[in-house]
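Below is one structure, written out as structure tokens; comments come after it.
The values are calculated or read from the model by the stated rules, or taken from the named source; none is laboratory data. All figures in this text were calculated on a predicted structure; none of them were measured in a lab. Every residue, glycine as well, gets a Cβ built from its backbone with ideal geometry; the counts of neighbours run over all protein chains shown.
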Amino acid sequence: GPKAAGMSNPRILLLGPPGAGKGTQSSNIVEAFGVEHVTTGDALRSNKEMDISDMDTKYDTPGEYMDRGELVPDAVVNAIVEEALTTADGFVLDGYPRNLEQAEELEGMTDLDAILSLSVGEEELVDRLTGRRVCDDCGTNYHVEFNQPEADGVCDECGGELVQREDDTEESVRNRLEVFEDNTAPVIDHYRDHEGFVEIDGEGTPDEVWTELKAAIERKA
Ligand code: B4P
């Protein structure tokens with residue numbers, strides 16, 4: 001129900017496969033509820049070249065995992081999230097937890113008011129991700145068919161160049177979906193019994209999905 005005066009902002013977890021619209025809907029949540037966006041994907045993209053070789057990892061930088069569609073080691077990701085959550089007054093967490101070990105870490109960091117899971121079928125996910133173009137300057141996402149047919153062009157927001165993300169190739173996307181099935185689907189099942197859990201159909205247009213998502217947050221947070 002609604003929060004009493006003086007209570008803090010909602011703590012929202014957004015779950016779903018790659019391409020389900022987590023990034024897109026997180027922007028709507030930030031605008032409507034005034035919470036902070038905590039996203040491991042963006043945080044890791046800004047630190048793709050960071051040297052993590054002293055952590056005894058398979059590759060030397062986060063980028064080498066990301067471009068192959070593999071998960072970056074838990075220790076790297078857990079530290080990013082812990083730091084971001086301690087300073088946030090209300091948040092939408094997107095991209096984490098991606099496996100049960102990360103879910104257990106998160107339980108030690110914070111409670112959650114609403115857990116929203118976006119579901120979308122596999123072929124739709126592949127179409128969305130391989131068709132995505134991203135502004136090189138401001139990071140805004142477009143799609144070659146769906147909201148910007150001429151998406152080889154320039155960004156409506158800032159005029160920057162639109163490019164394909166290195167992990168949005170068909171090969172990397174298929175691998176990300178396999179990693180999702182093996183590692184992240186069990187996380188969603190783990191949260192099904194939580195009182196804040198709501199499953200949302202993510203196949204509609206961004207506006208249709210947002211209408212359903214917003215109502216679910218208002219019910220739970
Ligand atoms: P992420 O950045 O989280 O990438 P993602 O899962 O594809 O989600 P994103 O938010 O970008 O896409 P969205 O669904 O909004 O992770 C990238 C990589 O970082 C991972 O593979 C991994 O290597 C690493 N990583 C991140 N977190 C990690 C963790 N916790 N542990 C270990 N490693 C981690 O949008 C997709 C496309 O669909 C866009 O083009 C959008 O415009 C379009 N779209 C959105 N909604 C739509 C709709 N309703 N209809 C049609 N198209 C839509």
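Can you find a residue in the stretch 1-20 that is within 12 Å of the ligand (Cβ to nearest atom), in contact (Cβ under 8 Å) with a residue 24 or more places away in the chain and assigned to a helix (DSSP H, G or I)?
no
Any residue in the stretch 19-32 that is charged (D, E, K, R) and either surrounded by fewer than 17 Cβ atoms within 10 Å (Cβ to Cβ) or closer than 23 Å to Phe180 by Cα (or both)? Before the answer, list the steps.
Of the stretch 19-32, the ones charged (D, E, K, R) are 22, 31.
When the remaining residues are screened for being either surrounded by fewer than 17 Cβ atoms within 10 Å (Cβ to Cβ) or closer than 23 Å to Phe180 by Cα (or both), the result is 22, 31.
Yes: the stretch 19-32 contains one or more residues that are charged (D, E, K, R) and either surrounded by fewer than 17 Cβ atoms within 10 Å (Cβ to Cβ) or closer than 23 Å to Phe180 by Cα (or both).
Just to verify a result, which residue in the stretch 84-117, among those that are part of a helix (DSSP H, G or I) and under 17 Å from the mean Cα position of the chain (by Cα), is nearest to the ligand (Cβ to nearest atom)? Give the derivation first.
Step one: filter the stretch 84-117 for residues part of a helix (DSSP H, G or I), giving 84-87, 100-107.
From the residues that got through so far, the ones that are under 17 Å from the mean Cα position of the chain (by Cα) too are 84-85, 100, 102-103, 106.
Details: Ala84: 12, Leu85: 13, Leu100: 12, Gln102: 6, Ala103: 10, Leu106: 10 Å.
Step by step, filter the stretch 84-117, then rank; the result is Gln102.
Step by step: first the residues of the stretch 155-205, then only those that are among the aliphatic types (A, V, I, L, M) and farther than 17 Å from Ser119 by Cα, then the one that is surrounded by the fewest Cβ atoms within 10 Å (Cβ to Cβ). Which residue is that? Steps first, answer last, please.
Going residue by residue through the stretch 155-205, those that are among the aliphatic types (A, V, I, L, M) are 162-163, 173, 177, 179, 185, 187-188, 198, 200.
Now restrict to residues that are farther than 17 Å from Ser119 by Cα: 162-163.
Working: Leu162: 22, Val163: 13.
So, considering only residues that are among the aliphatic types (A, V, I, L, M) and farther than 17 Å from Ser119 by Cα, the one surrounded by the fewest Cβ atoms within 10 Å (Cβ to Cβ) is Val163.
This table checks each residue for (1) closer than 25 Å to Asp42 by Cα; (2) touching a Gly at 6+ places or on another chain (Cβ under 7 Å).
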| site | (1), (2) |
| --- | --- |
| Glu166 | yes, no |
| Glu170 | yes, no |
| Arg174 | yes, no |
| Glu181 | yes, no |
| Val187 | yes, no |
| His194 | no, no |
| Gly202 | yes, yes |
| Thr205 | yes, no |
| Lys214 | yes, no |
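Confirm whether Ala221 is over 18 Å from the mean Cα position of the chain (by Cα) and closer than 18 Å to Gly21 by Cα.
no
Quick check, is Val120 within 11 Å of the ligand (Cβ to nearest atom), touching a strand residue (DSSP E or B) at 6+ places or on another chain (Cβ under 9 Å) and without any contact (Cβ under 8 Å) to a residue 24 or more places away in the chain? Full working, then the answer.
Numbers: within 11 Å of the ligand (Cβ to nearest atom): yes; touching a strand residue (DSSP E or B) at 6+ places or on another chain (Cβ under 9 Å): yes; without any contact (Cβ under 8 Å) to a residue 24 or more places away in the chain: no.
Against the criterion (within 11 Å of the ligand (Cβ to nearest atom), touching a strand residue (DSSP E or B) at 6+ places or on another chain (Cβ under 9 Å) and without any contact (Cβ under 8 Å) to a residue 24 or more places away in the chain), Val120 does not qualify.
Just need a number here: residues in the stretch 39-57 that are under 23 Å from the mean Cα position of the chain (by Cα) and on the phi > 0 side of the Ramachandran plot. Explain how you work it out, then say what you get.
We begin by selecting, within the stretch 39-57, every residue under 23 Å from the mean Cα position of the chain (by Cα); these are 39-50, 52.
Filter again for on the phi > 0 side of the Ramachandran plot, leaving none.
Of the residues in the stretch 39-57, 0 are under 23 Å from the mean Cα position of the chain (by Cα) and on the phi > 0 side of the Ramachandran plot.
Can you tell me which residue is farthest from the ligand (Cβ to nearest atom) among those in the stretch 123-140 that are in a strand (DSSP E or B) and of a type outside the set (Lys, Arg)?
Top of the filtered list is Cys135.
In the stretch 199-217, is there at least one residue being polar (S, T, N, Q) and under 21 Å from Ile12 (Cα atoms)?
From the stretch 199-217, those polar (S, T, N, Q) are 205, 211; that's our starting set.
Restricting the remaining residues to those that are under 21 Å from Ile12 (Cα atoms) gives 211.
Yes, that holds for at least one residue.
Pull up the stretch 166-201, narrow it to residues that are part of a loop (DSSP other than H, G, I, E, B) and over 18 Å from Glu124 (Cα atoms), then point me to the one that is nearest to the ligand (Cβ to nearest atom).
So the first thing to find is which residues in the stretch 166-201 are part of a loop (DSSP other than H, G, I, E, B), and the list is 166-169, 192-196.
From what is left, the residues that are over 18 Å from Glu124 (Cα atoms) are 166, 192-196.
Working: Glu166: 10, Arg192: 19, Asp193: 22, His194: 19, Glu195: 24, Gly196: 20 Å.
Here the residue is Glu166.
Sort through Val81, Val76, Val144, Val134 and tell me the only one that's surrounded by 17 or more Cβ atoms within 10 Å (Cβ to Cβ), touching a Phe, Trp or Tyr at 6+ places or on another chain (Cβ under 6 Å) and not hydroxyl-bearing (Ser, Thr, Tyr). It would help to see each step written out before you state the result.
Values: Val76 fails: touching a Phe, Trp or Tyr at 6+ places or on another chain (Cβ under 6 Å); Val144 fails: touching a Phe, Trp or Tyr at 6+ places or on another chain (Cβ under 6 Å); Val134 fails: touching a Phe, Trp or Tyr at 6+ places or on another chain (Cβ under 6 Å).
Testing whether each residue is surrounded by 17 or more Cβ atoms within 10 Å (Cβ to Cβ), touching a Phe, Trp or Tyr at 6+ places or on another chain (Cβ under 6 Å) and not hydroxyl-bearing (Ser, Thr, Tyr) leaves just Val81.
Please go through (1) at pLDDT 95 or above; (2) in contact with a helix residue (DSSP H, G or I) (Cβ under 8 Å, 6 or more places away or on another chain); (3) surrounded by fewer than 17 Cβ atoms within 10 Å (Cβ to Cβ) for Met55 and return the number of the only condition it doesn't satisfy.
Among (1) at pLDDT 95 or above; (2) in contact with a helix residue (DSSP H, G or I) (Cβ under 8 Å, 6 or more places away or on another chain); (3) surrounded by fewer than 17 Cβ atoms within 10 Å (Cβ to Cβ), Met55 violates only (1).
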